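The values are calculated or read from the model by the stated rules, or taken from the named source; none is laboratory data. If you're wondering where the values come from, they're calculated on a predicted model, not measured in any experiment. A quick note on method: Cβ atoms are made from the backbone with ideal geometry, for glycine too, and the neighbour counts reach across all protein chains shown.
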2 protein chains.
Amino acid sequence: MSETTSQPCHKENVREHLQQVHRLLDKHALQEMAAHQQEMPRTERHELEGKVRHKRQLSGLREMLGGLHSADIAYILEALPIEQRLLVWDMVKADRDGKILNNVSDAVRESLISTMNRDELRDATAQLDTDEIADLAPNLPQEVIRDVFKSLSIEEREQLRAVMSYSANTVGALMDFGIVTIHEDVTLKVVSRYLRHFNKLPEYTDQLFVVNRDDIFKGVLPLNALLTNEPDMPIAPLVILDTIKFQPDENVGEAAQVFERYKLVSAPVVDEDGKLVGRVTVNSIMGYNRSKSKNDVLGQVGLRREEDIFSPMWKSVQNRWLWLALNLCVVFFVSRVISSFEHSIEKFVALATLMPIVASMAINSGNQTTAIIIRLLALEQILPAHSRRLIVKELAIAVLNSLALGGVSGVFAYTLYSSVSLGLVMAGAMVLSMLLGTLIGILLPLAMHRMGRATSTGTSVLLTAVTNSSGYFIFLGLATIFLIH
Amino acid sequence: MSETTSQPCHKENVREHLQQVHRLLDKHALQEMAAHQQEMPRTERHELEGKVRHKRQLSGLREMLGGLHSADIAYILEALPIEQRLLVWDMVKADRDGKILNNVSDAVRESLISTMNRDELRDATAQLDTDEIADLAPNLPQEVIRDVFKSLSIEEREQLRAVMSYSANTVGALMDFGIVTIHEDVTLKVVSRYLRHFNKLPEYTDQLFVVNRDDIFKGVLPLNALLTNEPDMPIAPLVILDTIKFQPDENVGEAAQVFERYKLVSAPVVDEDGKLVGRVTVNSIMGYNRSKSKNDVLGQVGLRREEDIFSPMWKSVQNRWLWLALNLCVVFFVSRVISSFEHSIEKFVALATLMPIVASMAINSGNQTTAIIIRLLALEQILPAHSRRLIVKELAIAVLNSLALGGVSGVFAYTLYSSVSLGLVMAGAMVLSMLLGTLIGILLPLAMHRMGRATSTGTSVLLTAVTNSSGYFIFLGLATIFLIH
């Protein structure tokens, strides 16, 4: 459960350790090791010397790894190319495998698991808490999961089944079982005596959970109250009855907001019958927030999963391919829109040079508006009564910005091509298409939200497609009407 | 220091409360209130009734607000239009002003502070801890800060000066002073007795800080150890000497990674002389992460600050204007690149319809690569030795993807315009410009990083400008060479 080698954590030195590992395992060392493994004839004295030096290096490395926190080893494994990574993985003591697997990113985890046999995997998993096993489960072969399941106690099996039954974005999937429960009818002294029976309390224990004889959740006793009151006091008046609790099927995003708003370290998870089933900690919440912000940033350019430098190229290609293909479809469509005005462009080639300006500005004003709306929707602070107000405000902003920038563009076009009507068409198209872009940028996320769907990569492709092609259409359309007869 | 009304926190009901406030304060109610304030002659019986009903409503509202956590009141204030917001703000008891100001977003905070006079502000600030005062300080008028400073103890003045002296992205700016210190030469029993003198321990107290007589930091005593060991034990063997500590000028981003990697709740901040100066908690780290991820998402579309629905329009216009103007400059430049090929386009108008395809794909492959590189740089897991490997891999991915999509585009162009050479030019331009886009997408962030500068909005504008215009240039250039004689 708890990490025995967790101290000392040389945070300042993780990168230094990484560089050291890398140096010890450079190409030269690897070649020597390969030679060693092939048991080449020991003819040359030089070779023998090399081997001795190499062995010394490796044992030094093994010792260094032994002294590191498993999170640090995970960090180092992630930063090493696959051959070196597997060498280091072999050197790590087997009794830490589970913790380390739990700390590495998905791609690296796969590469490590693929080198382990059924027994090794079962042993590694057996070191973990049930909630950690649940995290690992998607990467494990079926038969290993079955083995592990058999080795668990009835209570643990139930816990594992529970965590795995909740879908990814619910509190239930994130909960753990590091709950210390007490009964209501005791004194602080009794609680203190009970706690001393623990070897170590679960991480993030800032409160004890009070339950009755039927495991029905009653409230919490903060350690704070335990520590600042006289031992003879009964706990009953100190128990907080109306505390923040979650249901297992609640959305994690909302739970994350609650954690930050009320400054929580841990919170109980209680099922429909009022039974205490687990707890959520600030660590799970931080992990969720981090992966969400990561996905936000990567999702904006259509990447579905994180890549590491050493992941197989084929996977990276796949990761990027879909988005590029989608985008190609969008521009094919845009290209068809333009081609319906080929006749106009042939007559007035300036249109071809000016049209990307309008389209690009339409996309940008749409994107800005959408970013604002998505933020507001996530905070759930838009009351239905305010939606209209919001739309009006966004449009007003777009009017001001598009008038200013449309004016500049009009002057730009006029200066280059000395045509007043071209300047006017340019300015007019800019205003219209920025307004339209804004309108789409408001309505699309609002509509997705009302239909109960999350705004996703798909939304952003659709938004770009519509704003981009309508930018071209408006500009070329106006030009055809007013400039080409 | 601690929130007296923090319980109960009705998290499920915050939105309900918000709606209730909104209902109580709707237009009708506001008009009545205005009438009331103007002391209109009480001629009509109907009006009198309205007033009575209205008064009852308001006192109900006041009561409801009294029962809410200040974070909830902050949430409600943020979601109300300015008139309603100020009404609610007036109704909140003055002794909670400080906490609430500390919980609202910057824009809302400004609107609230602007209604308060010097005395009110001083009283509100006086309720806060020094680290909270430091958070508020940038929004306070100079003379209020001077008043507050005078009212502080010498120790608090020193703390306030310390926090405010560190720049925004350092640990020092984020630290607080909720440190419970003990000496090394006592038993657990003595520590327990000492803690009982506290009314309440600071939030997030998971460990006590051990210092010597000169305030030199020695180590930490986890509450865990205090609770699970016999009271007669001396603390010395339980103190963790080699614990994770930060220096005040360390970067917060790195501290955030350390917090998550080692699952910390709090950590000591120690100055160069080894003196304990404060602590960082997981709450500050979460707040930092949240604002960073928010800025990442908003920064991608060039928004410099968060907007709320009710912020003055002029500020919103400014917020969006710079990015749009920058973007306009970029497309003006792109437009000039295209116009240098006007002659070719005039001869072969299909070029105008196909050119946006190439440019858009170049931008996208550049963006994807940059997103990956920035993530890897943030994790600091790229060793210099691996940079070349990374570049080769990215280019290889680009070759595969560009060959596939270039081929598709070539066929598309050939099908539409029945020209083999146009198809070949299209495919060739796509491959070249996606490769170039990728190369720029790698080198730009790497170069910024090596120069010690963070990748910013500016980088992304530059990246788009270069990839976009080189996409047009390559396609139109190839076409001019191979299609136009």
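Data table
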quantity	calculated
Per-region count, segment B:243-285, residues assigned to a loop (DSSP other than H, G, I, E, B) and touching a residue at least 12 places away in the same chain (Cβ under 8 Å)	14
Residue in segment B:212-237 that is farthest from the chain's Cα centre (by Cα), counting only those that are crowded, with 20+ Cβ neighbours inside 10 Å and β-branched (Val, Ile, Thr)	B:Ile235
Residue count for segment B:286-305, restricted to those that are more than 8 Å from every other protein chain (Cβ to nearest Cβ) and part of a loop (DSSP other than H, G, I, E, B)	2
Members of segment A:170-187 that are over 18 Å from A:Val282 (Cβ atoms) and of a type in the set (S, T, N, Q)	A:Thr181, A:Thr187
Candidate set: segment B:330-339, residues that are more than 7 Å from chain A (Cβ to nearest Cβ) and in contact (Cβ under 8 Å) with a residue 24 or more places away in the chain; chosen: the one farthest from B:Gly458 (Cα to Cα)	B:Val337
Test: A:Leu160 is farther than 23 Å from B:Leu227 by Cβ, in a loop (DSSP other than H, G, I, E, B) and in contact (Cβ under 8 Å) with a residue 24 or more places away in the chain	no
So A:Val191, is it in contact with a Phe, Trp or Tyr (Cβ under 8 Å, 6 or more places away or on another chain), among the hydrophobic types (A, V, I, L, M, F, W, C), modelled with pLDDT of 95 or more and over 24 Å from A:Ala134 (Cα atoms)	no
Wholly enclosed helices (runs of 4 or more DSSP H) of segment B:62-104 bearing at least 1 residues at pLDDT below 85 and over 23 Å from B:Ala134 (Cα atoms)	B:82-91
Segment A:359-380, residues that are farther than 17 Å from B:Val301 by Cα and at the interface with another protein chain (Cβ under 9 Å from one of its Cβ atoms)	A:Leu379, A:Glu380
Selection status of A:Val180, touching a Gly at 6+ places or on another chain (Cβ under 7 Å), under 30 Å from B:Gln207 (Cβ atoms) and aliphatic (A, V, I, L, M)	no
Residue, farthest from A:Phe412 (Cα to Cα), within segment B:306-329, restricted to residues that are of a type in the set (A, V, I, L, M) and more than 8 Å from chain A (Cβ to nearest Cβ)	B:Leu322
Lone unmet requirement of (1) under 27 Å from A:Gly287 (Cβ atoms); (2) modelled with pLDDT under 95; (3) within 33 Å of the chain's Cα centre (by Cα) for A:Ile240	(3)
Residue tally, condition more than 18 Å from B:Arg96 (Cβ to Cβ) and in contact with a Phe, Trp or Tyr (Cβ under 9 Å, 6 or more places away or on another chain), over segment B:129-144	2
Some residue of segment B:187-201 being more than 14 Å from chain A (Cβ to nearest Cβ) and at negative phi	yes
Matching entry among B:Gly219, B:Gly274, B:Gly278 (being of a type outside the set (Phe, Trp, Tyr) and within 14 Å of chain A (Cβ to nearest Cβ))	B:Gly219
Single condition A:Val210 does not satisfy, out of (1) in a strand (DSSP E or B); (2) within 13 Å of chain B (Cβ to nearest Cβ); (3) out of contact with any Pro (no Cβ under 9 Å at 6 or more places or on another chain)	(2)
Number of positions in segment A:175-207 that are outside any strand (DSSP E or B) and among the β-branched types (Val, Ile, Thr)	6
Every residue from segment A:335-349 that is in a helix (DSSP H, G or I) and hydroxyl-bearing (Ser, Thr, Tyr)	A:Ser335, A:Ser339, A:Ser344
Single unsatisfied condition, A:Ala352 versus (1) at the interface with chain B (Cβ under 7 Å from one of its Cβ atoms); (2) within 27 Å of the chain's Cα centre (by Cα); (3) without any contact (Cβ under 8 Å) to a residue 12 or more places away in the chain; (4) assigned to a helix (DSSP H, G or I)	(2)
Residues within segment B:57-87 that are away from chain A (no Cβ under 14 Å) and not charged (D, E, K, R), tallied	10
Residue match in segment B:287-299 (condition: over 12 Å from the mean Cα position of the chain (by Cα) and more than 18 Å from B:Asn103 (Cα to Cα))	no
Filtered residue count, segment B:246-265, keeping only those that are of a type in the set (S, T, N, Q) and closer than 22 Å to A:Lys99 by Cα	1
Options A:Phe259, A:Phe310: the member that is in contact with a helix residue (DSSP H, G or I) (Cβ under 8 Å, 6 or more places away or on another chain) and buried (at least 23 other Cβ atoms within 10 Å of the Cβ)	A:Phe259
Index of the failed condition, B:Ala94 passing every other in (1) surrounded by 15 or more Cβ atoms within 10 Å (Cβ to Cβ); (2) without any contact (Cβ under 8 Å) to a residue 40 or more places away in the chain; (3) among the aliphatic types (A, V, I, L, M); (4) closer than 30 Å to B:Gln19 by Cα	(1)
Options B:Arg109, B:Arg122, B:Arg146; residue that is basic (Lys, Arg), surrounded by fewer than 21 Cβ atoms within 10 Å (Cβ to Cβ), touching a helix residue (DSSP H, G or I) at 6+ places or on another chain (Cβ under 7 Å) and not in a strand (DSSP E or B)	B:Arg122
Output for segment B:232-265, where each listed residue is within 12 Å of another protein chain (Cβ to nearest Cβ), touching a Leu at 6+ places or on another chain (Cβ under 9 Å) and either farther than 24 Å from A:Ser266 by Cα or aliphatic (A, V, I, L, M) (or both)	B:Asp232, B:Met233, B:Leu238, B:Val239, B:Ile240, B:Ile244, B:Ala255, B:Val258
Lone unmet requirement of (1) in a helix (DSSP H, G or I); (2) free of Cβ contacts under 8 Å to residues at least 40 places away in the same chain for A:Thr115	(1)
